[in-house]
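Remarks on the structure that follows.
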Amino acid sequence: EAQKETLGFQTEVKQLLHLMIHSLYSNREIFLRELVSNASDAADKLRFEALRDGSDPKLDIRISFDKDARTITIADNGIGMDREGVISHLGTIAKSGTADFLKTLTGDQQKDSQLIGQFGVGFYSAFIVADKVTVETRKADVAEDKAVRWVSDGSGEFTVETIEKETRGTSVILHLKPEAEEFADGWRLRNIIRKYSDHISLPILMLKELAMDEQEPAAEGEQKKQQEDKAPEWETVNTAKALWTRSRSDISDEEYKEFYKHISHDFTDPMKWSHNRVEGKLEYNSLLFIPAKAPFDLYNRDMQKGLKLYVQRVYIMDQADEFLPMYLRFIKGVVDSNDLSLNVSREILQKDPAVESMKTALTKRVLDMLEKMAKKEPEQYAEFWTEFGQVLKEGPAEDFANREKVAKLLRFATTESENATQDQSLEGYVSRMKEGQDKIYYITADTYNAAANSPHLEVFRKKGVEVLLLSDRVDEWLMSHMQEFDGKQFADIARGDLDLGTLDNEDDKKALEDSAKEKEDLLKRIKDALGDSVEEVRVTHRLTDSPACLVVGQFDMGAQMRRIMEAAGQ
Ligand code: ADP
Ligand code: MG
């Protein structure tokens, strides 16, 4: 009983397949990168399993082709899949945010191909070049006669059946579309492998191609013997050394970029990277990337975050999020430690003081990389800020030790720039502070416009004092964790008594007191009329044009915070 069944792809897969086939045409060769990347992941996982029984499996990826049959086969001896795994991995998309992503697509081919790239194409990219794909796979611990064959033409359904397979691992057989037959070619495939997959740390093998003179037809009787002599020989076509263990000067930008795409499952080039070898008390290699674009699920609880962890070059786990704080969750990369044990687990990671030290050092690396970019490449930093600024604003609350460092990286809209773009630094603000000004003033509101048009700003505009205009959801949370910067305290101008310190001269102060005395009766009448809805009515010099404004008590919750709490049902 082969137990053959026909199943439908999840709706999202169908949509993605359709889009991919139509918008990635000009970049067809990436199918091979994706399939090799999966084979490499499968080998990593098998090696990890093998750690437990102490075996040392020989792992490789073999790529072969048949020009006449128009097929390419990518075979690995990695972890493999069982029937259940095949159905869920090759029939659905598990990624969070998929539905949202699909909604952002416009129908414009060029824009969509960018977006699909960002989303990651993975296994389904096989259908860019193939009109039929066969996957034969056997999981490491499954009997030979319980292997699985998956077949699909990519249009909406696939079949799965039980087969016999002698070897462990997965073979993906692409039946090329007529217009993609050029890929069934040794030279072409070797080129693509070197271009995209050279950094893969295990050997990618192809059959040696016979030179022309060796292919000459042999005399009748000799033919058989010659064939035996020339039994096809496999040769390694990539560098096959873990990229991060190589020295920086030997690695080209292209190699870094391709490596990034492999580990991040992203499709766009990274914005920046930092590759380091640390020696001394702790020994490890790290390679950290800042992506160019924020992922769709940056705010999703179960987004893929953390680094890929290796111990002595052996893959241990994905998403090791113990090595970086949450507010740097957008960083992708690899850390390879010589100090951790090969059977390290998540539980151990959480307690190991070596991990804590590495986290401190890696955090500093990232912040330094950003600081350098902000200084030397302000335009690129502006792009970074647009993508990830909101997340970085979580930093001061989470990372007390690096508060000042993170504060330097923050960017704001202010009354100085008169623009919603967040492009002003605190250092810039401080350098523009007025004679006698000892505080950094800010206001929070729901939108930039509400902040920029607040009556609270009137006195500041009059005196020419700059105010930070905050309107992001996280801003109140951020400001509640920012006591001071460069020795200057932060002051919310919509809160409590407005103390302009020495910015007010004695005359101003006297005038305010006089007018308060004069208006005592009026203030009392207003307070009586408003009753309990206000705590106090005061004369102010905050305003120049507006007759009155509401302020929040010094220690009361801000309006934004209050709404967040209300939304949370508090
Ligand atoms: P991703 O690699 O980002 O997870 P893919 O679409 O490339 O997404 O692959 C989907 C899943 O299918 C993988 O996560 C893996 O579980 C499974 N898979 C794909 N190729 C292989 C393979 N060669 N060996 C084992 N599992 C595989
Ligand atoms: Mg993949």
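Bear in mind that the values in this text are calculations on the coordinates, not laboratory data. Quick caveat, the model's predicted, so the values are computed rather than measured. Backbone-built Cβ (ideal geometry, glycine too); neighbour counts: all protein chains shown.
Things to note:
- Cβ crowding within 10 Å averaged over residues, with 296-309, 243-256 ranked highest first: 296-309, 243-256
- Entries of 393/439; 45/375; 45/408; 95/177; 45/272; 351/488 with Cα pairs more than 30 Å apart: 45/375; 45/408; 351/488
- Separation of alpha-carbon centers, segment 435-491 and segment 293-312, rounded to whole Å: 33
- When each of the peptides 74-82, 53-61, 282-290 is scored by the mean number of other C-beta atoms lying within 10 Å of its residues, the order from highest to lowest reads 74-82, 282-290, 53-61.
- Of every Cα-Cα pair in the chain, the percent that sits beyond 37 Å: 48
- Take the Cα of residue 342, step 7 Å toward its Cβ, do the same at residue 538, and the gap between the two points is 6.9 nm.
- Leading residue at positive end of dipole, the chain (Cβ point charges), from 117, 455, 392: 455
- Taking the Cα centre of the chain as reference, the dipole from Cβ charges on Lys and Arg (+1) and Asp and Glu (-1) amounts to some 440 debye.
- In segment 106-213, Cα pairs under 8 Å separated by at least six residues give a relative contact order of 22 percent.
- Loop-located GluC sites (Glu not before Pro) in segment 134-181 (DSSP state other than H, G, I, E, B) with a sparse environment of at most 14 neighbouring Cβ atoms within 10 Å: 164, 166.
- Stretch gain in nm, segment residue 252-residue 383, where the contour uses 0.36 nm per residue and the Cα spacing is subtracted: 44.8 nm
- Gain on full stretching of the segment that runs from residue 368 to residue 350 - 0.36 nm per residue minus C-alpha separation: 4.0 nm
- Here segment 226-369 is treated with +1 on each Lys and Arg Cβ and -1 on each Asp and Glu Cβ, and its dipole about the Cα centre works out to around 660 debye.
- Extension gain, residue 67 back to residue 100 (0.36 nm per residue minus Cα-Cα distance, nm): 7.8 nm
- Residues 9, 48, ranked from the fewest to the most other C-beta atoms within 10 Å, line up as 48, 9.
- Those trypsin sites (Lys or Arg not before Pro) in segment 358-388 that DSSP places in a loop and that have at most 11 other beta carbons within 10 Å: none
- Normalised contact order of segment 297-426, rounded percent, pairs of Cα under 8 Å and 6 or more residues apart: 18
- Beta bridges per DSSP, both residues in segment 288-347: antiparallel share near 60 percent.
- The GluC sites (Glu not before Pro) found in segment 395-486 that occupy coil by DSSP, while having at most 16 further C-beta atoms within 10 Å, are 418, 435.
- For residue 208, a cut-off of 17 angstrom between C-alpha atoms picks up these lysines, skipping any fewer than 8 places away in its own chain: 67, 230.
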